[in-house]
1. When you scan region 320-343, do you find a residue that is of a type in the set (Ser, Thr, Tyr) and part of a loop (DSSP other than H, G, I, E, B), even just one?
2. Taking Cys399, is it surrounded by 14 or more Cβ atoms within 10 Å (Cβ to Cβ) and either over 55 Å from the mean Cα position of the chain (by Cα) or part of a loop (DSSP other than H, G, I, E, B) (or both)?
3. So which residues in region 237-255 are without any contact (Cβ under 8 Å) to a residue 40 or more places away in the chain and not in a strand (DSSP E or B), if there are any at all?
4. Mind counting the residues in region 421-441 that are without any contact (Cβ under 8 Å) to a residue 60 or more places away in the chain and over 16 Å from Gly384 (Cα atoms)?
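The values are calculated or read from the model by the stated rules, or taken from the named source; none is laboratory data. Since we're looking at a predicted model, the values are computed, not measured. As a convention, Cβ positions derive from the backbone with ideal geometry for all residues, glycine included, and neighbour counts pool all protein chains shown.
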Amino acid sequence: MGSQGGLGPPGNGGPGEGESGETRKLQEGRAARGKRRKGKGKGKAGAGQGGRGSGAEGKTQPPQAKEAAGLGAEAGERAGLRKVGEGGGSVEDGARRIVRGDEGSAGARKEAKGRYDGKKEEWRVRTGQREDARPARAQGRGCQAWGRLAGTGAAMAAAAEEEAGAREPAGRPAAGPALLRLPEELLLLICSYLDMQALGRLAQVCRWLRRFTNCDLLWRRIARASLNSGFTRLGTDLMASVPVKERVKVSQNWRLGRCREGILLKWKCRDGKIGIHKIHSTFTVKYSAHEQEVNCVDCKGGIIVSGSRDRTAKVWPLASGRLGQCLHTIQTEDRVWSIAISPLHSSFVTGTACCGHFSPLRIWDLNSGQLMTHLGGDFPPGAGVLDVMYESPSTLLSCGYDTYVRYWDLRASVRKCVMEWEEPHDSTLYCLQTDGNHLLATGSSYYGVVRLWDRRQRACLHAFPLTSTPLSSPVYCLRFTTRHLYAALSYNLHGLDFQTP
C-alpha cells in the first residue's frame, strides 16, 4: 500500500502525494521565477526598443521611467524570497507573493511608462509650438531688417562706394593680368609712353593702378608739355608742393580758355611816388623818387630799380638803414616805359619810347650804372617797348607799340630776335607774362583784352576782354600762377580763376 501510494499517479492522496505535491510546487516556483526573469529581460528589451524608437524621433527615454520599472521588479522579488526564506508560510504562498510582486513591478512599469508618455507628449507639443513660432519670429525680424535696409539702401550704397574709393590697397593685387605682376620700374617705363587720355583710362582698371598712375614721375613729361603747369623750359619745378596730375588737369582749362572772372581791387592814384608795403603788417614807406610819373618798378636781391617819364632810371637799396637813398641815377634820353633786373642781379634792362635813341632796349650794369649793350637795330622811330622780362640770364621777352612780342637770346645775337608773335588786331601790347615754358599772356591797349598764346604756335589761343567801351582801359600789368591770372587796369584789378571755372 505504501509502495503503491508512492508510485500512484499525481493528485492521489497519501504520503507520497504530499511529497510529490511539495516538489511540484517548488518546481512551479522555479518556473515562475524563470518566467519572471524572462519577463524582466523582455521588459528591458522593450525599453531598449522604445529608447531606439525615441532616438529615431530625435528624443531619449527619461531616466525616471527606467528607475521606476527596476525598483518595482526588485521589490516584488525581494518580498517573495524573504517570505520563503523565513518559513513563515508555504512555498505556494511564497510563489503567489512572487507573482504578485512581479505583477506589482509590471504595474509600476506601466505607470512609469504612462507618466513618461504624458511628459513626452507635453514636451512634443511645447517644442512644436516653439518650432512653429520660430519661423514667424524670424520672418518678422527679417521683414523688419529688410524694411530698414530698404529705407536706407541708397545712403548705405553711397557710403560703401565712397569708402571703397577712399581706401587704397597696401600692395598690388595678388591675382590679375600679367601687367600687374611686372616690376614697378618696368611698369613705369611702359606707362611713360602713354598720353594723358591713356593714363586716365588705365587708372580706371583697379584701385592699385589708380594709385600707381598718380605718380608724379608719370605726369612730369606730360606736365612739361602742358601750358602753365609749373615747369620751366629747363625742367625746374616751381610748384613742388602741388601734385603734378592736378596741375595737368588745371592746365587743360588754360588751353581751352575756361575760367571765372572777378574784380578784386579798385584804385585811382598817380602821384610819382614809390610805396613799400610789408605783407601782413602796417609797415609802409613812401618817398619821392621821380619828378614825374613812375611807369615801372622791379625788385630783386635787395635792390629796387625804377623808371619814369622824366627820362631817368634809378637804383635804390632795400636795406632798412638805407631806405630812400638813391644809388644811381641813369639818364636814358627817352621816357622809360619798362624795366627788369637780370636773374643774376648783375644788370638790368630798360625799355624806352625809342624817340631819342635808335634802340629802345638797353642793358645797364647794376653796380656802376654804365651801358653794357643794346638789342636790335631795325626799330622804327616811336616803336617803344612797354614791357620787358627776363626768362633766364640769357633770354628775355619784350613787347610794345609795334604790336609784336619778341623773344631774344643773348647767346645767339643781340641784333635780331629769334622768334616773334604779332597781335592779331594790330593793337599795342602793354604787358606780357610767361610761365617760363610754353604759355605766354599779353595785355592789349583797347578794352583790356588779355590773350593767351602757346609759344609753339603762331596764332593766339584765347582772348578775354575785361572792359567795355565806356570804361576802356589798357592792361598795364599781368601776373599769373598755375591757377589764377591777375590783370591790372587803370582803375581796378581783375582776376581770372582757371581752377574752378
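1. Yes.
2. No: the conditions fail for Cys399.
3. Ala240, Ser241, Pro243, Val244, Lys245, Glu246, Lys249, Gln252
4. Adding up the residues that qualify gives 7.
Rundown of residues vs (1) closer than 25 Å to Leu496 by Cβ; (2) small (Gly, Ala, Ser); (3) in contact with a Leu (Cβ under 7 Å, 6 or more places away or on another chain), yes/no style:
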{"residue": "Gln370", "(1), (2), (3)": "no, no, no"}
{"residue": "Gly377", "(1), (2), (3)": "no, yes, no"}
{"residue": "Pro381", "(1), (2), (3)": "no, no, no"}
{"residue": "Gly384", "(1), (2), (3)": "no, yes, no"}
{"residue": "Ser394", "(1), (2), (3)": "no, yes, yes"}
{"residue": "His425", "(1), (2), (3)": "yes, no, no"}
{"residue": "His438", "(1), (2), (3)": "yes, no, yes"}
{"residue": "Thr442", "(1), (2), (3)": "yes, no, yes"}
{"residue": "Ser445", "(1), (2), (3)": "yes, yes, no"}
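Per-residue answers, yes or no, for (1) at pLDDT 90 or above; (2) buried (at least 20 other Cβ atoms within 10 Å of the Cβ); (3) small (Gly, Ala, Ser):
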| position | (1), (2), (3) |
| --- | --- |
| Gln252 | yes, no, no |
| Arg258 | yes, no, no |
| Ile276 | no, no, no |
| Thr284 | no, no, no |
| Ser306 | yes, yes, yes |
